[in-house]
Ligand SMILES: [Zn+2]
């Protein structure tokens, strides 16, 4: 049954991107999705009060009963310089979804840095080869992207890759099925919602943005506000499908530009 019972889905996965703070360049980062180290520290303190956090990999493997799953997309350098020390200090795991085609380029973590993170217990997973949206690939290109990105990360890191986060959250029909055929067990989407169990092959995630306030995060951790986030996402998703990806990006840039202009 899919009725939206409040508190029914208590576990959520958070989707972070870059962190911003001293000691890490912000080039290549989307300011909308960048969270300051102070915000992130407050989030970790909140998680510690509410059952802790873990990577989806460790939770799915049954090793960590943590209430909240932490994930990072894009492999920004700040994942290594800022997020990793904070996570290790807090004793919290996380999955990092990286693009092999971007690893080691300006603003992104290198293979050596990702290996160091993996050696410290963090989970390195696939975000596709070079961040091309999966909705823009032919079925054959999609298979190649999924297989090539998985095997490259496995070869470079020396650990299995079983989780996939689609770039931009763009999910062609059949993505979960194709991903399974290409060696992945789960797809971590950008659709908001709570996680009921590990049996679902597509797991929702709650996007953490610069504007997210602590009260909203606390609500999510208590199972509140997930339906509203789902509705908002559905409206944006409709805009994406109506305008196409490029039209949507233009609209988004304009709306964010307006939001940032002085009141
Ligand atoms: Zn991404």
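The values are calculated or read from the model by the stated rules, or taken from the named source; none is laboratory data. Just so it is clear, the model here is predicted, and its values are computed rather than measured. All Cβ positions, glycine included, derive from the backbone under ideal geometry; neighbour counts span all protein chains shown.
Taking the conditions exactly as written (modelled with pLDDT of 95 or more, closer than 21 Å to residue 112 by Cβ and either surrounded by 21 or more Cβ atoms within 10 Å (Cβ to Cβ) or within 16 Å of the ligand (Cβ to nearest atom) (or both)), does residue 83 satisfy them or not? Quick ask: steps written out before the conclusion?
On the way: modelled with pLDDT of 95 or more: yes; closer than 21 Å to residue 112 by Cβ: yes; either surrounded by 21 or more Cβ atoms within 10 Å (Cβ to Cβ) or within 16 Å of the ligand (Cβ to nearest atom) (or both): yes.
Yes.
Of everything in the range 68-80, what is away from the ligand (no atom under 15 Å from the Cβ), without any contact (Cβ under 8 Å) to a residue 60 or more places away in the chain and under 15 Å from residue 163 (Cβ atoms)? Give them in sequence order.
Taking the range 68-80 and keeping what is away from the ligand (no atom under 15 Å from the Cβ), we get 68-70, 80.
Pick out the ones that are also without any contact (Cβ under 8 Å) to a residue 60 or more places away in the chain and you get 70, 80.
The answer is 70, and nothing else.
For residue 107, indicate whether it is at pLDDT below 95 and buried (at least 16 other Cβ atoms within 10 Å of the Cβ). Talk me through it step by step, then tell me what you get.
Numbers: at pLDDT below 95: yes; buried (at least 16 other Cβ atoms within 10 Å of the Cβ): yes.
When the stated conditions are applied, residue 107 passes them.
Do any helices (runs of 4 or more DSSP H) lying entirely in the range 137-246 carry at least 1 residues that are within 16 Å of the ligand (Cβ to nearest atom) and crowded, with 20+ Cβ neighbours inside 10 Å, and which ones are they?
Working: elements: 139-157, 175-181, 214-221.
By residue number, 139-157, 175-181.
So which residues in the range 118-136 are away from the ligand (no atom under 16 Å from the Cβ) and crowded, with 19+ Cβ neighbours inside 10 Å? Show your work before the answer.
To start, the set of residues in the range 118-136 that are away from the ligand (no atom under 16 Å from the Cβ) comprises 118-123.
Matches in the range 118-136: 122, 123.
For the range 46-65, what are the residues that are under 22 Å from residue 81 (Cβ atoms) and either free of Cβ contacts under 8 Å to residues at least 12 places away in the same chain or not assigned by TED's automatic domain parsing to the domain that holds residue 126 (or both)?
Across the range 46-65, there are no qualifying residues.
Assess whether residue 213 counts as being over 26 Å from residue 62 (Cβ atoms) and assigned by TED's automatic domain parsing to the domain that holds residue 129.
Details: over 26 Å from residue 62 (Cβ atoms): yes; assigned by TED's automatic domain parsing to the domain that holds residue 129: yes.
So residue 213 fits the description; yes.
In the range 25-50, which residue that is surrounded by fewer than 20 Cβ atoms within 10 Å (Cβ to Cβ) and in a loop (DSSP other than H, G, I, E, B) is modelled with the lowest pLDDT?
Applying the filter and picking the extreme gives 25.
Identify all residues within the range 104-117 that are in contact with a helix residue (DSSP H, G or I) (Cβ under 9 Å, 6 or more places away or on another chain) and away from the ligand (no atom under 16 Å from the Cβ); write none if there are none. Can you show your working first?
Within the range 104-117, the first condition is being in contact with a helix residue (DSSP H, G or I) (Cβ under 9 Å, 6 or more places away or on another chain), and the residues that meet it are 104, 106-111, 113-117.
Residues satisfying the conditions are 104, 106, 110, 111, 113, 115, 116, 117.
Within the bounds of the range 76-89, is there any residue that is under 21 Å from residue 41 (Cβ atoms), touching a strand residue (DSSP E or B) at 6+ places or on another chain (Cβ under 9 Å) and assigned to a loop (DSSP other than H, G, I, E, B)?
Within the range 76-89, not a single residue is under 21 Å from residue 41 (Cβ atoms), touching a strand residue (DSSP E or B) at 6+ places or on another chain (Cβ under 9 Å) and assigned to a loop (DSSP other than H, G, I, E, B).
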